[in-house]
Amino acid sequence: MRQHRPGSTWMGYMGPARLDLRSDTITTPTPAMLAAVERCSLMDDVFMEDPTTIDLEAHIAALTGKEAGLLVLSGTMGNQLALRSLLTQPPYSVLCDHRSHIVQYEAGGVSFLTGALVKTVMPRNGIYLTLDDISQNSCTDEDVHSCPTKAISLENTLNGVIMPLSEIKRISAFARQHSIGLHCDGARLWEATAAGAGSLADFCSLFDTVSLCFSKGLGAPIGSILVGTSETIKRARWVRKSIGGGLRQAGVVAGPARVAVDETFGKGPNGHGGLLQDSHIVAKKIEELWAQFGGGVLYPVQTNMCWLDLQSAGLSTAKLVKLGQDAGLSLIGNRLVAHYQIAQNQDDVLQRLEQVFGRLWDGAPKGQGDEESNQKRLYLGRV
C-alpha cells in the first residue's frame, strides 16, 4: 500500500479525531478503508451492476436478517427513504420521540417528502419511549376528524441510551396489530449491539425498515444503509433516484463501509463490537472522572456518550468548550462522545479532561456537587 504523506488525514487511530469529543461523526477512516477504495469495483449502481455495492448490501441484509439492503449517502437519507416508502396513501401521521433525529436534524424532510403530520412524544420516564407512550399518543380509530398514525419511528440508540429489546417487542406487536409501519433510526444500533443489548437480527426483526450508519462509530468516510423487505427496498431505490441519491461508481463508498463493518464492528470477544466496546468503556471513565468533581449526568451512560449535567451545578457550557480548547480538546457542549480514536488515545484524553473539569469546577457556585443532589439529578431527561 502506498505511503501517505505527513499531515494526511488518513492516519488511522492517531488522526485529528483523537482529541475530538464533539461527535463520532468526526472519526477518520483507517488505512484499510482507504485501501478498499483503491481495490473496489467501479461499476454503475443505478444500473445495479457494481459488485462491491451489491456485496455490501447483501452482507448487511444477512447480518440484520432482512431480505434486502440499499446503500444511501447518509442516515438522513435512509430515514427519509424509509418513511416515504412506508407511507403510501394519506391521510397519515408519524409518531416519534420529541428528540428524534428525524424531527430535530433533518431539515423538515418528513413533512417535505411525505406531507405527513409528525406527532412528537415526550417519554414519561425521561429516557426512552414505552408502549404506554405510544398507545396513548397514536391515532388508531376511524374518526374522520383525526389523522391516523401510519408510521412509528424509534431511534436506537438515542442520546447514547439503549431502548431495550423487550420494550421494542411490545411496541412492535402494537404496531402490527394496528397495521402501522415501524421504522428504526439505527444510526447507532451498532452501539446497542456492541453493549450486549441484543443482536442486529434481534432488533431488526421487530421493524419494517432499519437505517444503519457507517460513518459514525464505525469510522467509514461516508454512507449508511437501509434494510427491509425486497418490496420496500425496491420502492426506496426509486425514491432515492428521485431525490438525486442514485450513485454511479458507488464502490468508492461501499468499499470502505464494508471494511468499517468488519474492522470496527465485526471484531470483539463475542464476534462483534470490539472497538465500539472500547469507546463505551471510555465514556464510563469520563462519567467517573466527572463524578469525582461532584458532577451528575443527564442520561445513563450505556454506550459511547456522556451527557454532563452542567445546569444543575451552575456551570457554563461556553466555559467548558473554551477550557477544552485551551487543553487541546474539541468540545461542542455538554455531550462528550467517545469513539475508537478516542479509545486508542484515552490516557491523554482523560488527563486533559481532568484538567478541564478541575478548572471548570473551580468557578462552581458553593453548595453544588453534594452527593444527594447528584443522585436526584443523575438520570433526569433532557428537555
Filtered residues of the range 216-258 (kept if β-branched (Val, Ile, Thr), within 30 Å of PRO16 (Cβ to Cβ) and crowded, with 23+ Cβ neighbours inside 10 Å): ILE225, VAL253
Hits in the range 297-332 - residues which are of a type in the set (Ser, Thr, Tyr) and under 29 Å from ASN156 (Cβ atoms): TYR299, THR303, SER312, THR317, SER330
Test: residue in the range 157-176 that is among the hydroxyl-bearing types (Ser, Thr, Tyr), in a loop (DSSP other than H, G, I, E, B) and free of Cβ contacts under 8 Å to residues at least 24 places away in the same chain: no
Selection count, the range 96-119, where residues are under 16 Å from SER211 (Cβ atoms) and of a type in the set (Lys, Arg): 0
Some residue of the range 103-118 being touching a residue at least 24 places away in the same chain (Cβ under 8 Å), crowded, with 20+ Cβ neighbours inside 10 Å, in contact with a helix residue (DSSP H, G or I) (Cβ under 7 Å, 6 or more places away or on another chain) and among the small types (Gly, Ala, Ser): yes
Out of SER242, SER205, SER230, sole residue that is among the hydroxyl-bearing types (Ser, Thr, Tyr), within 17 Å of ILE54 (Cα to Cα) and in the same structural domain as THR88 (by TED's automatic domain parsing): SER230
Checking THR140 against (1) crowded, with 19+ Cβ neighbours inside 10 Å; (2) assigned to a loop (DSSP other than H, G, I, E, B); (3) of a type outside the set (Gly, Ala, Ser), the condition it does not meet: (1)
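Let's see how each residue does on (1) in contact with a Lys or Arg (Cβ under 8 Å, 6 or more places away or on another chain); (2) of a type outside the set (Asp, Glu); (3) at positive phi:
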| residue | (1), (2), (3) |
| --- | --- |
| GLN104 | no, yes, no |
| ALA116 | yes, yes, no |
| ILE127 | no, yes, no |
| ASP132 | yes, no, no |
| THR140 | no, yes, no |
| LEU154 | no, yes, no |
Filter result (under 13 Å from MET163 (Cα atoms) and more than 10 Å from the chain's Cα centre (by Cα)) within the range 184-198: CYS184, THR193, ALA195, GLY196, ALA197, GLY198
Tally, over the range 84-94, of residues that are touching a residue at least 24 places away in the same chain (Cβ under 8 Å) and surrounded by fewer than 24 Cβ atoms within 10 Å (Cβ to Cβ): 6
Total residues in the range 156-194, condition small (Gly, Ala, Ser), more than 21 Å from LEU83 (Cα to Cα) and out of contact with any helix residue (DSSP H, G or I) (no Cβ under 6 Å at 6 or more places or on another chain): 3
Given (1) touching a Lys or Arg at 6+ places or on another chain (Cβ under 7 Å); (2) surrounded by fewer than 22 Cβ atoms within 10 Å (Cβ to Cβ); (3) not in a loop (DSSP other than H, G, I, E, B), number of the condition VAL46 does not satisfy: (3)
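The values are calculated or read from the model by the stated rules, or taken from the named source; none is laboratory data. In this text, all values refer to a predicted model and were calculated from it rather than measured experimentally. As a convention, Cβ positions derive from the backbone with ideal geometry for all residues, glycine included, and neighbour counts pool all protein chains shown.
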